[in-house]
Amino acid sequence: MKFEISLFKFDHASDYLPYYTKHYVKIKEEQTLLDVFKTINSDEPFNFVDCDKSIVAINGTYTHLDISVDEIKKSFGKDIIIDPASIRRAKNDFMLNEDDFNEKFDILSQFASLDILDSYIDEEIKAKYESYKIYFYASNTLNYEKDYIGDAILLLASDLIEKYPQQEQKILATIKAQECGLEFHTSLEKRIVNFDQNIENKIKLLKEKLNLCSAEQNFRVNNTLLLNFGETDTNNEVKHDFKDFNLAYYEGLNPCETTKSVLNSLNANVLNLPTSNFDLATDTFHINPDLTYKLVSTVMLDAFDQNADLLIVDSEELFYLFDYNRKELSRVAGREVKIPILHKNELIKLVNGSHISVQDTLNKHNVNPELI
């Protein structure tokens, strides 16, 4: 087995921008990524922490250096890009300035009124916080809000509540008081290799206890027009195969198998967007709409910059969010966001030739796809 590895390089003292070096590593006795790092380092030295729990990102997904080479091949293939836990905080290759992570631990000092303070802040809990580091750096929120409280301290707060339930309200009040706090959380589910869903459940429970999340949201902020996309057509006949089209699909955390099946049946070029599974923080949109706008605009501009002709979404809510908020999306992005959005039911009707039945909704898009 041979890996083709693009390895992050940056020296803050001499480099203006990071770059990547290419390495072709034939696996012999290497069992883990740490072993691979040591092999590369023996030929072309670079800086990294020689520890199996050091954090890296492989093709944008976070893991530790103890990940096996077999798991890397299974999850990512043999052509991979490896970045440090934080490009923004990189000092020298994979060595980080971790002040941001360490400073968030000081939030515990705000529990000054808790009886548990002296007994809780000890080496054991510091080690626990350290063990949550991957969740801190894997958070997509940090790419938009550098002052975010961080998921590591939220998990620590969850531990506190579990161990000292009588202090729950004081702990929750401290979390709620943070300026860039829990309402900025975005799901870690698709961002970490072999992610433990219990981690996300702990943070979700904190949001529920603070009444921060809501399943009912109005994404038609600047538009009262309701569209009827109808039921999903089960006609699988392909009369229009979208040949020569570049199609992008926003999958989110729960991709629709019907949409994927339809896309796979076409002769279109279906783009692989790095942003296709972004969590859009829609459950806190009523509190923090700008974060959602920033995430949505990133997805749309990613599709646009990869020359997508259309961006497909699965639900009415997502359609309204993407298509009906162009002004706000352009504001947070600092550029126009023009790519046409297509509901999956519209795509299916176009594919099976039901052009007349879809014309009414297409004409009411903010950006008309002009497909008929």
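The values are calculated or read from the model by the stated rules, or taken from the named source; none is laboratory data. It should be emphasised that the depicted structure is a prediction, and the values quoted were computed from it without experimental measurement. All Cβ positions, even for glycine, are placed from backbone atoms using ideal geometry, and neighbour counts span all protein chains on display.
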Here the qualifying pairs (Cβ atoms under 9 Å; residues six or more apart or on different chains; first in the stretch 326-337 and over 14 Å from Val367 (Cβ atoms); second at pLDDT below 95 and assigned to a helix (DSSP H, G or I)) come out as none
Could you give me the residue pairs with C-beta distances under 7 Å whose first residue belongs to the stretch 19-46 and is farther than 18 Å from Gly77 by Cα, whose second residue is in a strand (DSSP E or B) and among the polar types (S, T, N, Q) wherever it lies, and which are 6+ apart or on separate chains?
Tyr20/Ser6; Glu44/Thr21
Pairing a residue in the stretch 271-291 that is under 13 Å from Ser214 (Cα atoms) with any residue that is aliphatic (A, V, I, L, M) and surrounded by fewer than 17 Cβ atoms within 10 Å (Cβ to Cβ), where Cβ atoms lie under 7 Å and the two sit 6 or more apart in sequence or on different chains, gives Asp283/Ala215
Qualifying positions in the stretch 264-288 - part of a helix (DSSP H, G or I) and either surrounded by fewer than 19 Cβ atoms within 10 Å (Cβ to Cβ) or not assigned by TED's automatic domain parsing to the domain that holds Gly353 (or both):
Asn264
Subset of the stretch 120-179 that is under 18 Å from the mean Cα position of the chain (by Cα) and polar (S, T, N, Q) - its residue that is surrounded by the most Cβ atoms within 10 Å (Cβ to Cβ)
Ser139
Residue, surrounded by the fewest Cβ atoms within 10 Å (Cβ to Cβ), within the stretch 320-372, restricted to residues that are more than 30 Å from the chain's Cα centre (by Cα) and basic (Lys, Arg)
Lys364
Being crowded, with 16+ Cβ neighbours inside 10 Å, modelled with pLDDT of 85 or more and farther than 23 Å from Lys294 by Cβ is the requirement here; does Ser86 meet it?
no
Residues within the stretch 169-194 that are touching a strand residue (DSSP E or B) at 6+ places or on another chain (Cβ under 9 Å) and aromatic (Phe, Trp, Tyr), tallied
0
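Within the stretch 133-141, can one find any residue that is closer than 26 Å to Glu71 by Cα, assigned to a loop (DSSP other than H, G, I, E, B) and in contact with an Asp or Glu (Cβ under 6 Å, 6 or more places away or on another chain)? Full working, then the answer.
Taking the stretch 133-141 as the starting set, the residues that turn out to be closer than 26 Å to Glu71 by Cα are 133-140.
Now drop any that are not assigned to a loop (DSSP other than H, G, I, E, B), which leaves 139.
Next, from what is left, pick out any that are in contact with an Asp or Glu (Cβ under 6 Å, 6 or more places away or on another chain): 139.
Within the stretch 133-141, one or more residues are closer than 26 Å to Glu71 by Cα, assigned to a loop (DSSP other than H, G, I, E, B) and in contact with an Asp or Glu (Cβ under 6 Å, 6 or more places away or on another chain).
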Which pairs do you get when a residue that is touching a residue at least 60 places away in the same chain (Cβ under 8 Å), found in the stretch 209-227, comes within reach of a residue that is of a type in the set (A, V, I, L, M) and surrounded by fewer than 18 Cβ atoms within 10 Å (Cβ to Cβ), reach meaning Cβ atoms under 7 angstrom, with the pair 6+ apart or on two chains?
Leu212/Ile287
